[in-house]
Amino acid sequence: MTKANLTIFVYICKIKYVIMKKILVFAVVALALVQCKSDKTQPQAYSTQWQADILGDGYEMRYVDQGEDYSGPVRSTIIRKQSPCGSNRGILYVHGYNDYFFQSEMGDRLVDSCYNFYAVDLRKYGRSLMDGQTKFEVRDLHEYFADIDSALAAMHRDGIDDIVLMAHSTGGLITSMYMEEEPDPAIQEFVLNSPFLEWNLGGGMKNVVIPTVRFLSPVIRNVKFSNGNSTAYAESLLADHHGEWTYNTDWKTFYPERVSAAWLAAIDKGHSQVQKAETPIEVPILLMHSDRSIYGDEWMPEFQTGDAVLNVEDISRYGRALGPNVTEYIAPGGLHDLILSTDTVRSKVYDEIFRFLNE
């Protein structure tokens, strides 16, 4: 081999080495990506048997395998505390957005009044969150119907056939849709705590931006939008700020989470359905909300005396149209979640709930 040929040969080998090195790196990266995707979609091991809940004091929980959706495996969680009365009556509570069930005082009061208490942490919320999931992700609010059905089925297995459905905020929107479409016949009463039945937004946002996002959502579903930056409502609740409650701020976040176009579209579609009220809810409804809305980004004492999340006039307007038998209770000084209001306010809220149930 001549010196010139040797030089060419060495040069070709170097090129082949560089190419093979790049191919090897590409293969390793591709394998890693496949492995990451595989890890994300592999079902996680968890027990579906009843076990002690994080709340303690007789609360139990169990996971429910809800199969898979567009993001992988999903589960819901049922929480219960059974009454020693041996009653066939039960309450099923559905939480709101950026929320989960932690309101044990409410559960305890209902149990003490001989109601078996159940709650559900919806998929991708609270106890139901799984590794790699996006919190609160949803494309259609009907996805949550299976979570509600699973909780009702658990109640039936426990011998409960006289059920009150109770819900807060976004849970109130979801359950209103549920009650319009496919209510369990065992549900005898429906209690709504500040249900989210309309956007609390200005005309431009509500009438232009939201409809546009909803229209475009199939192609921009993962695009995130600001949900504001005010922490005033959280400060009104938390004991280390101005409230009296303690909860997991990884599950119920202190700072507002950004929301996806898919979430906005799902909520807007839900609003459109319940506002039309084409299928009246036949069971008696207790509609509860504060007497005023509070606005502002920075906390001030007024935030302890009103709804800092929704427009109470919208709650009243659309809530009263949900069915033919609606009792409206306006709670002076109530927070968005009425049962997290000051002791004086929430005591009156509980009185109203029990008055309604006893009737």
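The values are calculated or read from the model by the stated rules, or taken from the named source; none is laboratory data. Since we're looking at a predicted model, the values are computed, not measured. Every residue, glycine as well, gets a Cβ built from its backbone with ideal geometry; the counts of neighbours run over all protein chains shown. Each accessible area value is taken on the protein alone, full model and side chains, heavy atoms only, with ligands, DNA and RNA left out. Shrake-Rupley method; radii C 1.70, N 1.55, O 1.52, S 1.80 Å.
Calculated accessible area for the range 202-359 comes out at 50 Å² per residue, all protein chains present (probe 1.4 Å; ligands, DNA, RNA ignored). DSSP beta bridges fully contained in the chain are about 35 percent antiparallel. Taking K and R as +1 and D and E as -1, what net charge do the other residues with C-beta under 11 Å from the C-beta of Arg258 add up to? That sum, taken over residues with Cβ under 11 Å, equals +1. Taking 22 Å as the limit for the C-alpha separation, the pairs Lys206/Lys269; Lys135/Lys252; Lys124/Lys348; Lys224/Lys269 exceed it in the case of Lys124/Lys348.
Leaving out ligands, DNA and RNA, what percent of the accessible area of the chain is carbon and sulfur, probe 1.4 Å?
55 percent
For the range 146-304, a Kirkwood hydrodynamic radius built from all Cα pairs, placed in the Stokes-Einstein relation at 4 °C and 1.567 mPa s, yields a translational diffusion coefficient of 72 µm²/s. Taking all pairs of distinct Cα atoms, average 1/r, flip it, and tell me the Kirkwood hydrodynamic radius of the range 46-114 in Å to one decimal place. 13.6 Å is the Kirkwood radius here.
From Cα pairs below 8 angstrom and at least 6 apart in sequence, can you work out the relative contact order of the chain, rounded to a whole percent? Display every interim value, and only then the final one.
Values: 644 pairs, mean separation 47.1, N = 359.
Computed over the chain, the figure is 13 percent.
Please report how far the C-alpha centroid of the range 208-255 lies from that of the range 331-352, rounded to the nearest whole angstrom. The distance from the Cα centre of the range 208-255 to that of the range 331-352 comes to 22 Å.
Would you mind working out the accessible area per residue for the range 95-134, using a 1.4 Å probe, and quoting it in Å²? All intermediate terms of the calculation are to be shown ahead of the outcome.
Numbers: 950 Å² over 40 residues.
Averaged over the residues of the range 95-134, the accessible area is 24 Å².
The length gained by stretching the chain between Cys114 and Asp297 to full extension, at 0.36 nm per residue less their Cα-Cα distance, is 61.7 nm. Please give the net charge around Asp162, taking every other residue with its beta carbon less than 13 angstrom from that of Asp162, where Lys and Arg add +1 and Asp and Glu add -1. So the surrounding residues net to -3. Taking only the Cα atoms of the chain, the radius of gyration and Dmax are 25.2, 106 Å. In the distance distribution for the range 223-359, Cα-Cα pairs more than 22 Å apart total 49 percent.
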